[in-house]
Each structure stands twice: as C-alpha cells, then as structure tokens.
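Reading through the structure tokens given below for one structure.
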Amino acid sequence: MSDDIKKGYKRWEKEKLSPTAARRPLRKESFKTTSEIELKTLYTPLDLGDGDYLDELGFPGEYPFARGIYPTMYRGRLWTMRQYAGYGSATETNARFRYLLSQGQTGLSVAFDLPTQMGYDSDHPRAEGEVGRVGVAVSTIDDMEELFADIDLSRVSTSMTINSTASILLAMYVALARRRGIDTKSLSGTVQNDILKEYIARGTYIFPPKPSMHLAIDLIGYTTDNLPRWHPISISGYHIREAGATAVQELAFTLADGIAYVQEATSGGLAVDDFAPRISFFFCAHNNLLEEVAKFRAARLLWARIMKERFGAKNPQSMQLRFHTQTAGCALTGQQPQNNVVRVAIQAMAAVLGGTQSLHTNSRDEALSLPSEESVRIALRTQQIIAEESGLSEVVDPLGGSYCIESLTEDICRRVEEYLEKIDDLGGAVLAVESGFFQQEIADSAYRYQKEVEAGVRVVVGVNEYQIEEEVPLKVLRVDEALEKERAERLAEFRRRRGSVERYLSALKERARDGEAMMEFLVEGVELGATVGEICSALGEVYGSYESSASI
Amino acid sequence: MAEKIRVLVGKPGLDGHDRGAKVVARALRDGGMEVIYTGLHQTPEMIVEAALQEDVDVVALSILSGAHMTMFSRVLELLKENGADHILVTGGGIIPEEDIKALGEMGVGRLFGPGTPTDEIVEYIRGAVEEARAK
Amino acid sequence: MAKKTASQSDQEAFQEKVKTCKFRDVLYETISGDEVKVLYTPEDLEDFDYQRDLGYPGEFPYTRGVHTDMYRGRLWTMRQFSGFGTPEDTNKRYKFLLEQGQTGLSVAFDMATIMGYDSDHPRARGEVGRCGVAVSSLADMETIFDGIPLDKISTSMTINAPAAMLLCFYIAVGEKQGVDSKLLTGTIQNDILKEYIAQKSWIFPPEPSMRIITDIMAFAAEEVPRWNTISISGYHIREAGSTAAQELAFTLADGFAYVEAGIAAGLDVDTFAPRLSHFFNAHLDFFEEIAKYRAARRIWARHMREKYKAKNPRSWLMRFHTQTAGCSLTSQQPENNIIRTAYEALSAVLGGTQSLHTNSMDETLALPTEKAVLIALRTQQIIASESGVANTIDPLAGSYYVESFTNRLEEQAEEYFQKIEDLGGVIKAIEVGFFQKEIADAAYRYQKEIEEKRRIIVGLNDFVLPDEKVEIDVLRISPQVEKRQIEKLAKLRAERDNGEVERTLKELRKSANEGSNLLPRILVCTRCYATLGEIIQVLREEFGEYKDPAYF
C-alpha cells in the first residue's frame, strides 16, 4: 500500500502541484516554522518514519509516553489552571490569590520581585525602584505569613518562581507550615530552582554555577526526605524561549539542563528513582500551533529515553516528563491589546493538545504593564472555555497519528538530539554555559526573528501589518509608590523585634564553606528571623558572585 | 567621514531579560554605530561611569521591571553632576504612556515600547546625534 | 507501513487499564451527543485506505481540500457579514472593513428586505435597518456600493426568498459602474429549503420557490457565470439547535435536492453544479467541526460523481463559507466570546474553508461596534499570519481521532439520506416536519444538558460573575433610519417613470404565468426602479404564500 501512495504522491506533485505553483505563485517563498523547519505543502503516510507504533508512540501512561503520561489524561483530572501572580506587598498579592481561587483557579503561582529573586531585602540600596514591581516582595518569614494569610497550605498547591534564592524561600514556606502546625509531608507545590537557565537566559543569578548547583541539588535532596509531595525543580525552557530561542533550542537546552541536574544529583549520591519522579519541566507555548504540539510530544519521548537509557531509571515515573506551560509573553503585542486574547487562546490550545499538566495563560495587557484583575479573569476564562466547551479535554492526544504532527515530532526529536550531542561534546550544560554557547545560539535566533519581523517575512498582526491609529487603551495597574518606604520601616521594626542573627550567620558561612547540607539549617535561620538579604550576603562571602560575559 | 556614533546600551537594575537590549545593540551596530553593552545588573552609577569613560553620545537603557522612573532620573542626575548632560538618554521597555511623558519632561529622549522596529530606533538615534553635533 | 501496528491485544489491555481509572464526572460526548472514546489508535482506522478516503488536495474525493495548493497559494477570504441602518451607514462600514484588510463583502439585510417588504410597508414598521441594511430598490443598492468597484471585490448576500431581485439589483449597479455582469463575483444564499427547515424566512410555497431557483441557475450560467447561485446553508440549521451530523446531512440533502431540481428542469448538471457553494457553522466542539468539513467534501464529491453522474471535476468539489457559531456566544462576560470565536475560526481553517466570518464578541447584545468587528477580523488575521496552520495543507489528516470521526460523520449522514429518501425526498420531509422535529429534539436535549449542568458553558452555568454589569459599548440604530428610508422611498416613487414600472411589472406577471425564466423580467423591472416590494407582490399574487406546519 505504501508503494501506491508513493506513486500517487509523485503523480499529484507532478501533475497538480508543480503546474499550480507555476501558474500561481505561493504567498511566501518559504513556509518555515520558528525553528527553521521547512514545512511541506502536504504530509501523507509517507512522512511517517519506519518505527513501530508501540516503540514510537505507545499508549498514554506507558513508555515512551509520547501520547501522554497518564492513561486517561484530562478525563481523570483537568490540567491545573495556575495563573502566575504577585505584585506589591504581600497583602495585595494575598488578595489577588484569594480572588483567583474564588474564580475557580486550582493552584497558586507566586511571582517574586527582583530584589527577592536577587537576594536583596526591600531596604537594600540595590532594591531601589524595584520593590514589588514584577512580583511580591518577601524578605522575612512574616512577609511569607502575610502572603498566605487565610490560605490553607495543606490544601493548595503552590508554585514559586524562584531560583538563586529558592532554598531560602522554600525554607520560609516550610517554616510557615510548621508555625501553623501543618505536617510538611502534606505540602505540595514547586520551586523553580533551575539555576542553569538563569545563566543561559533569564539573568537572575547571584553565585557562580558550581555553588549554585550545590544549593539546587541540596534542595532536591532535602525534599526527597522531608517534602515528598514537593517538586524540587522545574527545569525551564520558558525563559530560554522568551529570550529568543527557537522551539528546538528551547527543548534541547532545557533537556540539557535536566541532564546536568540528574547527573549532578546522582554523582552526589542520590538514587535516580528517589528524586526523578518529582522533577518537573516548564515550557513556553508560542504561536505556531503545530510546532508547539509536536514539541511537547517530542519532549516526553526524549526525556523518557534519556532517563531510561542514560540514567538507567527503573521507575516509570522517573521517565515521565511532567510539565507546566505558560503562553508566550514575547508573542504579545502592545498594539491592539485585545488581539492578545486571540493569541493566548491559540497558544493555550497548543499546550492542552500537547498534554500539559498545568497552564498559565497570559493576560492581554502584559505587554503594557502588570495585568489588571479583569484581564487576569479573561485569561483564566480562556482555560476554562477550552476545558469545558471545546471538547479538547475528552480525548487523549487527539492529534496522534496526524502525518504532519508525527513527522514534526520526529523531526524535532532529531534536531534536539543533535544539539544534545553537541552539548555533550562541550562537556555538558555547566561548561556550555561558561563558554557562552547557549547565550550565543539564542542571541542569533532572537536577532534573526526580529529581522524577519522587520522585513515583513513574518507578519505580526498590528505590528508590521494591520496597524491602526490607537490611543493607549485599557486601565493599567500601578504599584503604590509608597510601598518601598513602608517596607523599609517594617523591616527595621522586624529586625528590632527579632534581635541579632550574627551568630547564626557565622555558623551558616561555616556550613557553606564545608559544603554541608543547607536546607534544614536555612529553615532554622528564617525561623530565627534571618532575612533573605542577610542570608544571601553571608553566602556570597563564601561563594563569591558571578557576572557573565556581555556578548551581543 | 563623520565620527562614528557611540552608544552605550545599558541594562540597569536587577532584571535579567536582555533579549531586547541585545537585539537593539546588534541593530545599532549593524547601523554603523559603535556599541558598548554593559551586561546585566548595572547600577546607575556604573552606567554613568562607563558612559563617561567610553565618551559616548548616547545612553540607551532597557528596563522591563517597572523601575524606570528611578533608573532614568538617577542616570540623568548623575550625568548632570558630571557635566555630561549633552549625552542623549533614551531607551525602551514596558513603560506606561504617562511615565513616558513625565520622563520626557525631565529630559529623557524618546522611549520605545515592545514591537518597535529596530530601524526606527537606529534612525532616531542617528538623527538626534547628528542634530546635536551640528549645534 | 509505519505506526499502524497497535495490535488488538495491546488495545484491549489498555482499555482494561482505563476501566480501573477514575473519571471526572462530566459528559464524554461531543456537543452533538456522540460518544467519544478516551483514546484513538491505528485500530480505529482498520479499513482506512489513504488513496480512496483521503487522496490529494484538489483531487477526488477532496477530503484534504478543494485546491491543490490551498492556503499556500491564497488564504481564505475574510468576509465579515455586516450591514445595518441606512445604505449610507453600511457603505461607510464596508469601506472601513476593506481598509482594515478584509477581502470580501457580505451583506446583511434587515428583516423587511428579507421578507420582501419595502421600508414603507406597514409590516416593516420597527424593523427597518435593525438587523441589517434596508434595501427597497436599486437606489439603495447604488448607495451601499458607492465608491466600491464591483469588478474588484466579491460580495456575498444573505438573501433567500427575494434572492433573484437582489441579484438583479447588484447586476444593475454593475451596469451603472460599467462592469459587465460576466465579471461579477459573489454569492447569493438563495437556499430556500433551509428556510422551511430552520430559518423560517420564506415567502412562496416550496414549488414556485424551487422554480425561481432553477430560473436563477439557468440565467446565471449564461449571464453571471462567475456567480455562486446558491449557498446551501447548514449554518441556520445548526443555529436552530441541530447536531453537527444533522447540519451536515440536512444541508447536503438540500444540496442534492437542488441538483435534482436542476436536472428535472432539463439543465445539464455540469452547467450549474460548479456554481453551487455551501455554508457551514463552526461550533464549539473543535474536532467534531473539523471532521464535519472533511466529511462534507468527501460525501459531496462521491454523490456528485457517482449518483448524479457529473463529469466536470468542478461539479464534484464542495466549496464552503463558514461562520462561527452565534449560538455559542454568551451575553455574560462578552469578552469570553473572543476566545470561543478564535478557536471556532481555527477549526474552520483546519477544515479547509474558502471564506470565513468571525462573530464579534458583542453580537448577543446588539449590533457589533466597529471595535468589536475589528477584533473579530484580527482573529482571522492572527490565525492566518501567526499560528502557522495555513502553512501546510490539512495538517490534521492521519490523526486517528480526526479520521475516525470523519468516517463516522459520513456514515451518520448516509443514514439520514436514507431516511429522507424513505420519506419521499426533502420537500416531502419538510412537509411532514421531519427536519423540524429532529432539530427540535436536539435543541431540547442540549438545553437540558446545560440546565442540568452536565454541559458547562463558562459564565452561563458556571464561573458566573454574580454582580456582572456588562460594560461594553453597543451600536444602536436610531429611529431616524426608518423615517429617512420612508422619505427616500416617497421621493423615488414620485420621481421615477411610473408608467415604465407598471409596464415591466405586467411583463413579469406574464412570465410568472407562462413559466418562462423570470430573471430577465426582474432585471428589467429593477432598472426602472421598481421596488423590491412591488416585484414581490406580483409574484405573491401569482404564487401564493407558504404557511408553516409548526412542529415542536
């Protein structure tokens, strides 16, 4: 039968396609995805590889998990609708959290402000102008207490976008649970704790790669024993993509980071099946629907093989790639912001068709400012409509078998494997970071994309085509200017109340110098009242700081 | 031939999202300018010091975190203190319209939002510098 | 061949496993009430034959699309249905839409026009310009298309009972602009059967109605050869509450009835069949809709070639317009409608539509504002330019789910055809209320499901905002519109050559009696500014009026 199709396809190409193209030029010279994959005009059974169904796809919930990690997927449970939120003071963010929970959101996701992410307290000079801007300011355990006021930590799952200071913020969360008498074994959630992508793309690193890796792995080890339901790392392609990477680069670099963490953890003595089941991933859902769906499927396939073949994992859960998705912030436009509702809807569909475990949908006004409550609600409604009305949640991997999707999935796998080989040759992700390999690759892609947009080869509606005269629309949310002063006063008051932490900090430095386990000691420290800034500055004395080469 | 325009592209504050800064830096370089990129996590002091040292015509700042009011006004102030207020301060990021107006009144040049074609930025900087040099 | 070897036993083992899983307590049916399996695999496509069932784009059976290059050569036509108020208002809106990148026009007429009454008729009171533009004579039509060259655009007119008159108005406007009728492109809906079935805007009984239609087909084949003479419409059948399978089956059954009528009137099938087009709804259930469009093309092709012995491939291919589902929109939280419309539009594009109307978010509240119309148009442009789905043809082909769904819909349609044939054909089935009853049953079941919350509609029966005040601008029609139209008509009647009007109307009456083609006579009447109401009145007197059997 395959021969018949081969003949049929050749005939169609010769008798129909070529004459048509000769008669009527195509709309564009080439039809490439963002990853430079040249899409074919038509996919047929001929584009499916020689692989066997069971080896290449299998059944959902079974190796190699291409069709999904659970047998029933969204029939059993919908993905978690998790809107990333946080701004201003802990009290304001707490109010937004409670609003989102009341609107049917099913998990929390905390955005921290940059000082918190970079290890500065709100009253540090480097924090000036940044407090509460891109997220909530948390310097002390009391801030954490306010952030989760009237929210039951044993019932909600909390994801925290925090990396360099992940250990300290998780320590505060644990300390808060203890303060409320909640068994830490019942806590569920995620800390991002993915420091490698900070060097690659996002830039909020403090210490050099080696001690940072130590802290990251230490956190993984701690949760294995103490917070069995916690996901100690969320290996993130999102920021890599936002920095301008292609879909293939996003996946390749993220998996390379994943390999580095597993490598580091196992060589530090952890058994792969003890921690790997709680590793999770975080991807971007960009505009190109077909490419994105294929990317998510390829990610599951590749990770399953890596865990089984490279690391010898035995537990199927270690081989399952679980992932959170956020729609692409970089695909939104400041022009005609309502158009972003449309983009986000399509991107969210890609994530769901790709089998995501949780999803953040961006608000239409995010290209302009912090999202307003109304915009956040529409973003959440986008997920609810897809879940309830579209029928997408009824069937597992509904695109499975599509010639185009299967062929793209294979193509992406192949290209990612080539990158992984290259990174192995460079000595792994940590060395590749230090040599600037990732950064250069991403910068090249970002520049090419920008040039394509400017040349009009890539149309962005409202930006390089279909522009209109418009006023600046939509109400924007602002952070109160008085916040910084208020925070400084409260911190001073907090420090007065708790007394000196000098002895604790010297002991902490000693532990850091000796390379000992840190997490439990950090929990004790925050309980004593040590602040994020104090702890980071003490660790910085031991670990040193890191600045990357500024290549453009 | 006129002297090459020298631009310092700066990333002040704690934010590490440098896609925009890098793309613009590259476009300015492709536009025939001498570009100095500061790298991440710069304080206004560090930026002004580099600007003076490199004797630039333009300081272009990329700020996405919302700290623009603080950062731009501090850079202007420091330039003035050092007698270098002839240097054009411009930039871009996620900056509300009202703030753009307020910053303009303080003496900041044009500010560009997401989606601006890089050519527009190159043209603006070239025009502004040539005008300043003609004076 | 690759990826087709999931064996029976593997499939069974998986199904056994699924039985032990817990499901969310919701309906696992399509929006049409068809059961959906948790997983589709190659097993579901056992008798599938690529060449027979799919073939190649631009070739029989056209499952993969009617054009060889599909959207690579030319995008679908973005055609926003609009019209309101006076012809002047509508002319202004059209110019706006064309400036914004719309590529075709689509005229909505007011209820008076649709029912064949002039704006000054007592039955027209309160209706003038409300849900479309008021057109009573050639003069109004001239205004609507003022400054819009008819040889440069294509125009679709949603008009049925008075379709012949409006087509003549359009031809006459063309004459005034110096455009030969042979160059005009566009569509009249002219689908009277679905009026009896669902939309209920009829004037004459079925028999004379069918005569007018065959007259149009014969006239247009000679005089307006590029015009689509009927747009066989499932849209309204679906809006009336039918299922997807009913929409598909009843629409195609109507289409076959027109073909049979044409053949019975002595026309060669290949002279008129290439000018038949279709019009479908894009409802909420994403995959069901995609499967529906693909099945429709295949069924039409098979019947036209095999049953009606058409020889010209252009008679086999089914071209269609799509409109997103008005009935799926909610007046609550109207911005949620942007999301619904976005993915409904996506399903139409993935299903290979030739033109598309996307609804505006405020259409359940009032006539759409310019702002809302713009977002709706941008939705199409984003799908076309940014989502990548237009870059490869029929990208979901091969998907186990989509293909098996396509097959199933074809089977269901064939069952309905059999039933209709057993009843003695479409007109008989209308007379006994078969369609009306089937649709009423489906509509009732759907309503029940929503009321019992077995089917969730976001914002309507879940995720409700209790104190919602809808704050969006709406477009209102001033009562002045009616007054102005009446004044204009009085002036027209006073200034035109009334003797000429009398004479041409008399000729028309004669033609109606003797059975000669009505169209040339109607065209002559319109040229001397006989009004729509006057022309219709002549025919009403000769043909009689239809009375609805009122089934529920």
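Quickly run through the range A:301-320 and pick out the residues that are touching a Cys at 6+ places or on another chain (Cβ under 7 Å) and farther than 12 Å from A:G258 by Cβ.
A:L301
Applying the criterion of being closer than 19 Å to A:S358 by Cα and open to solvent by less than 10 Å² (accessible area, probe 1.4 Å) to the residues of the range A:87-104, the residue that is farthest from the other protein chains (Cβ to nearest Cβ) is A:F97. Take A:L42 and tell me if it is more than 17 Å from C:N391 (Cα to Cα), surrounded by 15 or more Cβ atoms within 10 Å (Cβ to Cβ) and either among the hydrophobic types (A, V, I, L, M, F, W, C) or within 8 Å of another protein chain (Cβ to nearest Cβ) (or both). The answer is no for A:L42.
Among the residues of the range A:278-298, those identified as open to solvent by less than 10 Å² (accessible area, probe 1.4 Å) and charged (D, E, K, R) are A:E291, A:E292, A:K295, A:R297. Filtered by the rule that a residue be more than 24 Å from C:T324 (Cα to Cα), open to solvent by less than 10 Å² (accessible area, probe 1.4 Å) and in a loop (DSSP other than H, G, I, E, B), the range C:80-117 gives C:T86, C:G116. If only residues of the range A:119-135 that are closer than 27 Å to A:S358 by Cα and more than 18 Å from the chain's Cα centre (by Cα) are counted, the one that is surrounded by the fewest Cβ atoms within 10 Å (Cβ to Cβ) is A:R133.
Checking each residue in the range C:21-36 for being facing chain A (nearest Cβ under 7 Å) and either over 18 Å from C:S242 (Cα atoms) or open to solvent by 30 Å² or more (accessible area, probe 1.4 Å) (or both) picks out C:C21, C:K22, C:F23, C:R24, C:Y28, C:V36.
Scanning the range C:356-389 for residues that are more than 22 Å from the chain's Cα centre (by Cα), in a helix (DSSP H, G or I) and surrounded by 21 or more Cβ atoms within 10 Å (Cβ to Cβ) gives a single hit, C:I382.
Table: residues versus (1) crowded, with 23+ Cβ neighbours inside 10 Å; (2) hydroxyl-bearing (S, T, Y); (3) within 14 Å of chain B (Cβ to nearest Cβ); (4) at positive phi.
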residue: A:G189; (1), (2), (3), (4): no, no, no, yes
residue: A:E198; (1), (2), (3), (4): yes, no, yes, no
residue: A:H214; (1), (2), (3), (4): no, no, no, no
residue: A:I233; (1), (2), (3), (4): yes, no, no, no
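Restricted to the range B:33-59, and to residues there that are open to solvent by less than 10 Å² (accessible area, probe 1.4 Å) and under 13 Å from the mean Cα position of the chain (by Cα), the residue that is nearest to B:E130 (Cα to Cα) is B:V58. If we scan the range B:2-16, do we find a residue that is away from chain A (no Cβ under 11 Å), open to solvent by 40 Å² or more (accessible area, probe 1.4 Å), part of a strand (DSSP E or B) and farther than 26 Å from A:Y546 by Cβ? Yes, the range B:2-16 contains at least one residue that is away from chain A (no Cβ under 11 Å), open to solvent by 40 Å² or more (accessible area, probe 1.4 Å), part of a strand (DSSP E or B) and farther than 26 Å from A:Y546 by Cβ. Scanning the range A:21-35 for residues that are open to solvent by 70 Å² or more (accessible area, probe 1.4 Å) and at the interface with another protein chain (Cβ under 7 Å from one of its Cβ atoms) yields A:R24, A:R27.
If the condition is being within 14 Å of A:E465 (Cα to Cα) and not β-branched (V, I, T), then the range C:375-384 contributes C:L377, C:R378, C:Q380, C:Q381, C:A384. The residue that is farthest from C:A221 (Cα to Cα), among those in the range C:471-520 that are assigned to a loop (DSSP other than H, G, I, E, B) and hydrophobic (A, V, I, L, M, F, W, C), is C:I472. Of the residues making up the range A:316-345, just one is in contact with a strand residue (DSSP E or B) (Cβ under 6 Å, 6 or more places away or on another chain) and free of Cβ contacts under 8 Å to residues at least 40 places away in the same chain, namely A:V344.
Within the range A:527-546, is there a residue that is within 14 Å of chain B (Cβ to nearest Cβ), in contact with a strand residue (DSSP E or B) (Cβ under 8 Å, 6 or more places away or on another chain), at pLDDT below 95 and not in a helix (DSSP H, G or I)? No, there is no match, as no residue in the range A:527-546 is within 14 Å of chain B (Cβ to nearest Cβ), in contact with a strand residue (DSSP E or B) (Cβ under 8 Å, 6 or more places away or on another chain), at pLDDT below 95 and not in a helix (DSSP H, G or I). For the range C:453-506, a tally of residues being within 14 Å of another protein chain (Cβ to nearest Cβ) and not acidic (D, E) returns 16.
Condition check for A:E36 on (1) more than 24 Å from the chain's Cα centre (by Cα); (2) in contact (Cβ under 8 Å) with a residue 12 or more places away in the chain: one failure, at (1). Scanning the range A:335-393 for residues that are within 12 Å of chain C (Cβ to nearest Cβ), among the hydroxyl-bearing types (S, T, Y) and part of a loop (DSSP other than H, G, I, E, B) yields a total of 4. Just one residue in the set A:E470, A:E516, A:E481, A:E417 is assigned to a helix (DSSP H, G or I) and either surrounded by fewer than 20 Cβ atoms within 10 Å (Cβ to Cβ) or in contact (Cβ under 8 Å) with a residue 24 or more places away in the chain (or both); that residue is A:E417. Filtering the range A:46-69 for residues that are on the phi > 0 side of the Ramachandran plot and facing another protein chain (nearest Cβ under 8 Å) leaves a non-empty set. Looking across the range A:1-20, the residues that are assigned to a helix (DSSP H, G or I) and within 7 Å of another protein chain (Cβ to nearest Cβ) come down to A:S2, A:D4, A:I5, A:G8, A:W12, A:K16, A:L17, A:T20.
Among residues belonging to the range A:299-339 that are farther than 30 Å from A:D273 by Cβ and within 20 Å of the chain's Cα centre (by Cα), point out the one that is surrounded by the most Cβ atoms within 10 Å (Cβ to Cβ). Only one residue tops the list, namely A:T327. Taken over the range A:192-210, the residue count meeting the criterion of being in a loop (DSSP other than H, G, I, E, B) and farther than 21 Å from A:A171 by Cβ is 2. A:V138 meets each of the listed conditions (1) more than 14 Å from chain B (Cβ to nearest Cβ); (2) surrounded by fewer than 24 Cβ atoms within 10 Å (Cβ to Cβ); (3) of a type outside the set (D, E, K, R); (4) closer than 22 Å to A:G203 by Cα apart from (2). Under the condition of being crowded, with 22+ Cβ neighbours inside 10 Å and either in a helix (DSSP H, G or I) or modelled with pLDDT under 95 (or both), the residues counted in the range C:314-328 number 3. In summary, A:P337 fulfils each of the numbered conditions (1) in contact with a Ser or Thr (Cβ under 9 Å, 6 or more places away or on another chain); (2) at pLDDT 95 or above with the single exception of condition (2). Taking (1) crowded, with 17+ Cβ neighbours inside 10 Å; (2) touching a residue at least 12 places away in the same chain (Cβ under 8 Å); (3) not in a loop (DSSP other than H, G, I, E, B) in turn, A:F59 satisfies each apart from (3). Residues being surrounded by 24 or more Cβ atoms within 10 Å (Cβ to Cβ) and in a strand (DSSP E or B) are represented in the range C:131-138 by at least one member.
The values are calculated or read from the model by the stated rules, or taken from the named source; none is laboratory data. Keep in mind the model is a prediction, meaning the values are calculated, not measured. Note: ideal-geometry Cβ built from the backbone for every residue, glycine included; neighbour counts use all protein chains shown. With ligands, DNA and RNA removed, areas are computed over all heavy atoms of the protein, side chains included. Shrake-Rupley method; radii C 1.70, N 1.55, O 1.52, S 1.80 Å.
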